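Participant: Mind having a look at this structure? Questions to follow.
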Amino acid sequence: MRSAIVTGGQGFIGRYLVKALRHRDVDVRTLGRGKSVDTNHIVLEEGSWESPTLDRVLEEAAPDCIFHLAGRARGTPAELTHVNLGLLQSLLRALRRTNLRPQLIIAGSAAEYGAAIRDGVPIRETAACAPLSAYGVSKQAQTIAALTYADATGTSALVARIFNPVGPNMPTHLAIGDFANQIACMPRDRGALHVGNVDVRRDMIDVEHVATLLCQLAANPDAHGVVNVCSGQAPVLRELVEMLIRGCGRKIDIEIDWSRVRGNEPRTIIGSTDLLAKLGCSPPRTDFPALIERVCRGMKESAASAP
């Protein structure tokens, strides 16, 4: 792979992926709504995905691979479908118009599994998805569209079903990101952290490992279809929260907010890494204390640079 486009390249995972690709000497261009000082970034509003602008971007870049990370995690069911499915459909239509057939790596989500998850049982890619959330439904629709396109055109496409990425400056729709944001907004002396059920285990993965795995999968000609991008490790969420509090050096009480508690949720959700291992892409072990320390350091750096 010599060249790539990363949609959503200014987002949480996207930033790490772009860095990892450039470390591998890949010529990377990014697409997204936000502006950037990166001269290889192209601002593309949602409405421009159905215009000649996207066609020109694709033709000029002629990428070997497109990593499609652009999307939305919150919103109404209609908004989530419009963005998560709609942007991909627009991209695929543009590829048809330009007759370009780059490799496609699509960011999927563990939320696609939904009711297929069994408590404590590593979930495999072959499970019959039954998403329970509007977000999961929209991502599953995206997966189906991508794989249908691949079958129809002979394009190499892989849906990376990403579990829970963790790292500095993560978004607040992710649990650790929400907790870090709450702490950052508290008074310096003490405060209360509002949480849901934190006595659960969830498969968490270092965002840097996500970026590495996406690069490795893109370089593997045998990698296609759906592949879990997970650590195969499910720490207790409460332990991570306590690490976060200690790392911030504040007196913080953990308070249950019952509006955040989900009924009948599995105690342990963990992804199977068997397919990753079969593809020669076994994820490295995640050092959770060091990872949470990086999250805390990122919070302190953000606070120091705030006006």
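The values are calculated or read from the model by the stated rules, or taken from the named source; none is laboratory data. Keep in mind the model is a prediction, meaning the values are calculated, not measured. Cβ coordinates were reconstructed from backbone atoms using ideal geometry, including for glycine residues, and neighbour counts include every protein chain displayed. Ligands, DNA and RNA are excluded from the accessible area calculation, which covers all protein heavy atoms including side chains. Shrake-Rupley method; radii C 1.70, N 1.55, O 1.52, S 1.80 Å.
Participant: Pick from the range 240-298 the residues that are touching an Asp or Glu at 6+ places or on another chain (Cβ under 7 Å), assigned to a strand (DSSP E or B) and open to solvent by 30 Å² or more (accessible area, probe 1.4 Å): which of them is nearest to residue 175 (Cα to Cα)?
Facilitator: Filtering the range 240-298 for residues that are touching an Asp or Glu at 6+ places or on another chain (Cβ under 7 Å), assigned to a strand (DSSP E or B) and open to solvent by 30 Å² or more (accessible area, probe 1.4 Å), the one nearest to residue 175 (Cα to Cα) comes out as 269.
Participant: Another question about this same structure. Which condition does residue 149 not pass, out of (1) modelled with pLDDT under 95; (2) assigned to a helix (DSSP H, G or I), if it passes all the others?
Facilitator: (1)
Participant: Residue check: is residue 172 assigned to a loop (DSSP other than H, G, I, E, B), within 20 Å of residue 106 (Cα to Cα) and either open to solvent by 10 Å² or more (accessible area, probe 1.4 Å) or not aliphatic (A, V, I, L, M) (or both)? Outline the logic, then answer.
Facilitator: Working: assigned to a loop (DSSP other than H, G, I, E, B): yes; within 20 Å of residue 106 (Cα to Cα): no; either open to solvent by 10 Å² or more (accessible area, probe 1.4 Å) or not aliphatic (A, V, I, L, M) (or both): yes.
No: the conditions fail for residue 172.
Participant: With 73, 62, 20 as the choices, which residue is on the phi < 0 side of the Ramachandran plot and open to solvent by 20 Å² or more (accessible area, probe 1.4 Å)? Break it down into steps so the answer makes sense when it comes.
Facilitator: Details: 62 fails: on the phi < 0 side of the Ramachandran plot; 20 fails: open to solvent by 20 Å² or more (accessible area, probe 1.4 Å).
Being on the phi < 0 side of the Ramachandran plot and open to solvent by 20 Å² or more (accessible area, probe 1.4 Å) holds for just one of 73, 62, 20, which is 73.
Participant: Moving to a separate point now. Just wondering, is there one or more residues in the range 189-206 that are free of Cβ contacts under 8 Å to residues at least 24 places away in the same chain and either out of contact with any Cys (no Cβ under 7 Å at 6 or more places or on another chain) or β-branched (Val, Ile, Thr) (or both)? Break it down into steps so the answer makes sense when it comes.
Facilitator: From the range 189-206, those free of Cβ contacts under 8 Å to residues at least 24 places away in the same chain are none; that's our starting set.
The answer is no; no qualifying residue exists.
Participant: What are the pairs, 6+ residues apart or on separate chains, where a residue within the range 1-24 that is without any contact (Cβ under 8 Å) to a residue 24 or more places away in the chain has its Cβ under 9 Å from a residue that is open to solvent by 10 Å² or more (accessible area, probe 1.4 Å) and among the charged types (D, E, K, R)?
Facilitator: Sorted first by the residue in the range 1-24, then by its partner, the pairs are 18/38.
Participant: Just the residues that are among the hydroxyl-bearing types (Ser, Thr, Tyr), open to solvent by 40 Å² or more (accessible area, probe 1.4 Å) and assigned to a strand (DSSP E or B), please, taken from the range 23-46.
Facilitator: none
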